[in-house]
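Since every read-out is calculated from the coordinates, none of them should be taken as a lab result. No experiment lies behind these values; they were computed from the predicted model shown. Cβ: placed from backbone, ideal geometry, glycine included. Neighbour counts: every protein chain shown.
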Amino acid sequence: MADRRGLLIILSSPSGAGKSTLARRLRAWDETIEFSVSATTRKRRAGETDGKDYHFYDEARFRDMVSKGEMLEHAHVFGHFYGSPAAPVKAAIRAGRDVLFDVDWQGEQQIRNSDLGRHALSIFILPPSIPELRRRLIARGQDSGDVILGRMAKSWDEISHWGAYDYVLINDDLDATEERLKTIVSAERLRREQQPGLQGHVRRLHSEFGEMT
């Protein structure tokens, strides 16, 4: 039996708040943290590897897995299905390995309501301000002006769900936010529910106490 159960670490934020950078830094801090590889029904693109970038399933297989409860969360986005297969996550949790999820609030709720929800740790990343959020989207140079406008329009709906998360961090300083994130993960790993060996240890203490009386 592993010394502890793994955590399902869920990071959510509006685009531009720094979630992806924080996820990379968290995994660099502890390389044992696994990134959940999503499944999708979209076609594989050039350079993508099945099982590494995504699990590429046809729609029939994907729907079958959903009907059997084999997806922790799933969504239909731009004509394709995306989701998180449950089996590899369950194996990691049992082995004491943490799994990192980059999902929106709907994905967070599905994971929270799954049979692994008791191991979930959800963290929402807020920007310091809306003008700063827009500045970051422009500065990263990945999107057209129209796409940025679309992301900004969607950001408030995403932010409005901040109250459903275990922790909320304002990313006004990336290094400081990283340290707070690592502190949260370190503390959550010590939750009583995450330490399956505690009950046996207390029984041993009780037995040893009895031997002394």
Point to revise | Whichever residue in the range 160-196 is of a type in the set (Gly, Ala, Ser) and loosely packed, with under 12 Cβ neighbours inside 10 Å and, among such residues, is nearest to Gly96 (Cα to Cα) | key: Ser186
Practice item. Look at Arg61 and say whether it is among the basic types (Lys, Arg), closer than 21 Å to Ser114 by Cα and free of Cβ contacts under 8 Å to residues at least 24 places away in the same chain. Key: yes
Exercise for review: Name every residue in the range 46-81 that is among the aromatic types (Phe, Trp, Tyr) and either assigned to a strand (DSSP E or B) or within 17 Å of the chain's Cα centre (by Cα) (or both), in order of residue number.
Suggested key: Tyr54, Phe56, Phe81
Revision key, fill the gap. Within the range 87-114, residues within 15 Å of Ala2 (Cβ to Cβ), in contact with a strand residue (DSSP E or B) (Cβ under 9 Å, 6 or more places away or on another chain) and not in a helix (DSSP H, G or I) come out as Arg97, Asp98, Val99
Review point. Where residues in the range 1-50 are of a type in the set (Lys, Arg) and in contact with a helix residue (DSSP H, G or I) (Cβ under 9 Å, 6 or more places away or on another chain), which of them is farthest from Ile130 (Cα to Cα)?
Key: Arg4
Point to revise | Complete set of residues in the range 113-159 that are of a type in the set (Asp, Glu) and either exposed (fewer than 12 other Cβ atoms within 10 Å of the Cβ) or under 23 Å from the mean Cα position of the chain (by Cα) (or both) | key: Asp115, Asp146, Asp157, Glu158
Review point. Only one of His80, His76 is loosely packed, with under 15 Cβ neighbours inside 10 Å and touching a Lys or Arg at 6+ places or on another chain (Cβ under 6 Å); which?
Key: His80
**Study point:** Of residues in the range 124-182 being basic (Lys, Arg) and in contact with a Pro (Cβ under 8 Å, 6 or more places away or on another chain), the one nearest to Arg112 (Cα to Cα)
**Key:** Lys154
Practice item. Tell me which of these Ser84 doesn't satisfy, since it passes every other one: (1) closer than 30 Å to Thr183 by Cβ; (2) of a type outside the set (D, E, K, R); (3) not in a strand (DSSP E or B). Key: (3)
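For the range 15-37, check the following and say yes or no: at least one residue is among the basic types (Lys, Arg) and surrounded by fewer than 14 Cβ atoms within 10 Å (Cβ to Cβ).
Checked the range 15-37: at least one residue is among the basic types (Lys, Arg) and surrounded by fewer than 14 Cβ atoms within 10 Å (Cβ to Cβ).
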